[in-house]
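One structure is given below, encoded as structure tokens.
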Amino acid sequence: MGMATEDRFRVIGGTHLRGEVRISGAKNSALKLMAAALLAPGLSTIRNVPDIADVDIMGDLLTRLGCTVTNNHGVVTIDVPQRPGHRADYDLVRKMRASINVLGPLVARTGKAEVALPGGDAIGSRGLDFHIKGLESLGATAHIEHGYVVAESPQGLKGAAIDLDFPSVGATENIMTAAVLAQGVTTIDNAAREPDLVDLGEFLISMGADIKGLGTPLITITGVSALHPTDHTTIPDRIITGTWAFAAAMTQGDITIHGARAQDLELPLEKLASAGAIITTTEDGIRVRMDSRPQSIDVATLPYPGFPTDLLPMVIALNAIADGSAIVTENVFESRFMFVNELIRLGAQISIDGHHASITGVKELSGAPVEATDIRAGAGLVLAALVSEGETTIDQAFHLDRGYPNFAAQLQSLGAKVTRE
């Protein structure tokens, strides 16, 4: 364990969060836009990139592939060589799952990719079978050897009709970024519909790609012979937006969220409204206010436009202090519930049965030492700490840094008694 992993948040509960926050660019979009820049030689610019460690890791990965990367206060420029490298080493990939997003672009551009099998969060197995099958449909050969995914297409890629068994975001992205330079037409049926994926598609279109049907289950891509560099602004992070919305509701607060896109969070905002939150749209975002104890809400996570799995810890935390009982079902990742054991340490009444959590709300939780197991669990525990009597320490705070830039400072600006140590 290095020094960084010893960081913790210390929270004294009991404050109502009030004030304003600004939403940074989406982590799950920015990292993938950076990887997709590989598709065109020359200088691409990506704006509104969040200030998180994963961005530096992706920058290092692209640098090793021969790019020149600069990051000036969230404006990332990537100068891509005519002939990028093709190997993404384990030492970088193990730190960040999004590294797998260089697979499609590299196969399309160089005819070969070797990408280490990714590491990242402890939230369950996410196989690469869909990615590999998709690339094979486009005419590549792909297999796993010595811990690397090795994909080759010396004759180039050819369009194909691809039907995904599950609307995997990563697989849709890798197929889309490979297909834009393939010969002929590719269709992706049962494609992911996440806003981050739509953002990536818009980025590719601005590079000269021909893509129809973004945001629907059927994406049609007509290959082009080459793409050109572009300048693109990352969409705001809907999971951070959702986290602040839940924070306002749980603490009976009032938060104006600048830069939020309500259309990316329709279902979570509807759920918060049914919990009693008053949600209004503002000139450049949304305002979430809560005047009473929240009512419990049943939720089942599903791929977009369903309830996002990344907000599961927030909804469990809200239900832990809500009036009533609720059932929360996790349909996307199997080990999201590691977080529940930590919440029980704070006095939550939760029982787990398979992928269902039954939660009976209590009026107030009580502070205790807990540990973040992944990015979103960390955020959920911070929200729970805000509604806990006394002091809570959240260990392994480095997880939060991967998804929430300046989280402690933003919480303090809303009146929370939070220190980072």
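For Ile297, state whether it is in a loop (DSSP other than H, G, I, E, B) and aliphatic (A, V, I, L, M). For Ile297, the condition - in a loop (DSSP other than H, G, I, E, B) and aliphatic (A, V, I, L, M) - is met.
If I ask for residues that are within 11 Å of His232 (Cα to Cα) and β-branched (Val, Ile, Thr), which ones from region 189-218 would you list? Reasoning before the result, please.
Filtering region 189-218 down to residues within 11 Å of His232 (Cα to Cα) leaves 199-200, 202-207.
Selection gives Ile205 alone.
Of the strands (runs of 3 or more DSSP E) entirely within region 124-231, those holding at least 2 residues that are more than 26 Å from the chain's Cα centre (by Cα) and without any contact (Cβ under 8 Å) to a residue 12 or more places away in the chain occupy 141-145.
Output yes when any residue across region 408-421 is within 21 Å of Ala26 (Cβ to Cβ), of a type in the set (A, V, I, L, M) and either outside the structural domain of Ile316 (by TED's automatic domain parsing) or crowded, with 24+ Cβ neighbours inside 10 Å (or both), and no when none is. Among the residues of region 408-421, at least one is within 21 Å of Ala26 (Cβ to Cβ), of a type in the set (A, V, I, L, M) and either outside the structural domain of Ile316 (by TED's automatic domain parsing) or crowded, with 24+ Cβ neighbours inside 10 Å (or both), which makes the answer yes. The strands (runs of 3 or more DSSP E) located wholly in region 1-117 include none with 3 or more residues which are under 20 Å from Gly170 (Cα atoms), touching a Cys at 6+ places or on another chain (Cβ under 6 Å) and touching a residue at least 24 places away in the same chain (Cβ under 8 Å). In region 380-399, the residues that are at negative phi form Cβ pairs under 7 Å with partners that are of a type in the set (S, T, N, Q), at six or more places apart or across chains, as follows: Ala385/Thr392; Leu386/Thr15; Leu386/Thr251; Val387/Thr251; Ser388/Ser366; Glu389/Ser366; Phe398/Thr5.
Pairing each residue of region 268-283 that is surrounded by fewer than 17 Cβ atoms within 10 Å (Cβ to Cβ) with any residue that is at pLDDT 95 or above and not in a strand (DSSP E or B), provided the two are 6+ apart or on different chains, yields C-beta distances under 8 Å for Ser274/Ile297; Ile278/Met290; Ile278/Asp291; Thr281/Ala262. Just one residue in the set Asp91, Asp60, Asp79 is within 24 Å of Asn406 (Cα to Cα) and either of a type in the set (D, E, K, R) or loosely packed, with under 15 Cβ neighbours inside 10 Å (or both); that residue is Asp60. Taken together, Glu202, Glu145, Glu136 contain a single residue that is closer than 26 Å to Arg261 by Cα and either not aliphatic (A, V, I, L, M) or not assigned by TED's automatic domain parsing to the domain that holds Pro118 (or both), which is Glu202.
The values are calculated or read from the model by the stated rules, or taken from the named source; none is laboratory data. Quick caveat: nothing in here was measured; it's all calculated off a predicted structure. Heads up, the Cβs are rebuilt from the backbone with ideal geometry, glycines too, and the neighbour counts pull from every protein chain shown.
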